[in-house]
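Participant: Got a structure here, written out as structure tokens. Questions coming.
The values are calculated or read from the model by the stated rules, or taken from the named source; none is laboratory data. Since the model is a prediction, treat every value here as computed from it, not as a measurement. In this analysis, Cβ positions are derived from the backbone assuming ideal geometry, glycine residues included, and neighbour counts consider all displayed protein chains. Heads up: the accessible areas ignore ligands, DNA and RNA and are worked out on the full protein's heavy atoms, side chains in. Shrake-Rupley method; radii C 1.70, N 1.55, O 1.52, S 1.80 Å.
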Amino acid sequence: MTSDSPSLVKLKDTLRHDWSRAEINAIFTLPFPELIFKAQQVHRQHFDPTKIQISTLLSIKTGGCPEDCAYCPQSAHHEKSVERENLMALDKVITEAKAAKKAGAERFCMGAAWKAPKDRDLDPVCEMVREVKALGLETCLTIGMLTPAQSARLKEAGLDYYNHNLDTSEEFYGSIISTRTYQDRLDTLSNVRDAGINVCCGGIIGMGENEEDRVGLLMTLANLPKHPESVPINLLVRVEGTPLQDASSVDIITFVRVIATARILMPASHVRLAAGRETMSEADHALCFLAGANSIFWGEKLLTTPNPVKNKDQRLLDLLGMNPVEPSCASSAHA
């Protein structure tokens, strides 16, 4: 694909939701300098390239999950799953949220290891959303599949974002998860969107998928009726005791290609560099940011897996001359 490709020129004028697999593959396989240049051009049309949106993620209900996701140590199906814990008390959640705000986060994400919450489970969760919202933080949840009525309840409680990742392509999905279908995930995204909640949806790289699967994931995300406001791109954290503990590693250039392509396809979305950052060098991070990643999680842990500590991330941003987005900016139309 040349630098004056019609599809890329068209992207500058409008958001597209009709990408073909061939178009995306052509972007994904561009010579690396050309791909990064295109991604930077698109990124600068919608965002300040020196700003990073900061979120914090807390596990409010850990372990004992009935899902069999091959990457997740919270699954009850795996030999060495994490210890099951009950739903966290409200006061502890508020303490964690206050600490996250003090550390510089503007969005507080809460995750619970449910396949799908029961209606009674939403009572304490809605209270958490209301209390975190009252602190002046944006609120985000990831608690499994939701019905339209449950989505509406969470919207009424003040929920800003709902995370529900597709994980991979529809074709490869069955190799990773058997306890819920790809359509189940798409249905939850539709329910959340219909309720007026912003969508956070992405995937995981390094689970044994091939290039075609990576392109397929990006095509599904980019062709949703409305692009997710946040697109987390995770690098698999290989956890002992899970089926993917011995998965082959993915080189950083391939990972950055996914980020850059996501940025080009979904130019107004925040592309979040999510799990897997603990193993990345400062240069790896810099490449990801150059490719259009403009959101990270602060905190020592992402649910149950390690994450760089806040001071380490601050040193990285200082080294790169970058700064966290101010909360008033992060809640704009491009959140």
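Participant: Do you know which residues across the stretch 24-47 are under 27 Å from N163 (Cβ atoms) and without any contact (Cβ under 8 Å) to a residue 40 or more places away in the chain?
Facilitator: The one that is under 27 Å from N163 (Cβ atoms) and without any contact (Cβ under 8 Å) to a residue 40 or more places away in the chain: R44.
Participant: Got a sec? Which of G206, G241, G202 is closer than 30 Å to A149 by Cα and small (G, A, S)?
Facilitator: Going through G206, G241, G202 in turn, the sole match is G202.
Participant: If I go through the stretch 101-123 residue by residue, how many of them are more than 18 Å from the chain's Cα centre (by Cα), farther than 17 Å from S151 by Cβ and in contact (Cβ under 8 Å) with a residue 12 or more places away in the chain?
Facilitator: So the count comes out to 3.
Participant: Further question: For the stretch 14-44, what are the residues that are part of a loop (DSSP other than H, G, I, E, B) and surrounded by 15 or more Cβ atoms within 10 Å (Cβ to Cβ)?
Facilitator: Result: R16, W19, L30.
Participant: Can you give me the number of residues within the stretch 186-222 that are closer than 29 Å to A247 by Cβ, open to solvent by 30 Å² or more (accessible area, probe 1.4 Å) and more than 17 Å from the chain's Cα centre (by Cα)?
Facilitator: So the answer is 5.
Participant: Restricting to the stretch 158-175, what's the tally of residues that are open to solvent by 10 Å² or more (accessible area, probe 1.4 Å) and either among the hydrophobic types (A, V, I, L, M, F, W, C) or on the phi > 0 side of the Ramachandran plot (or both)?
Facilitator: So the count comes out to 2.
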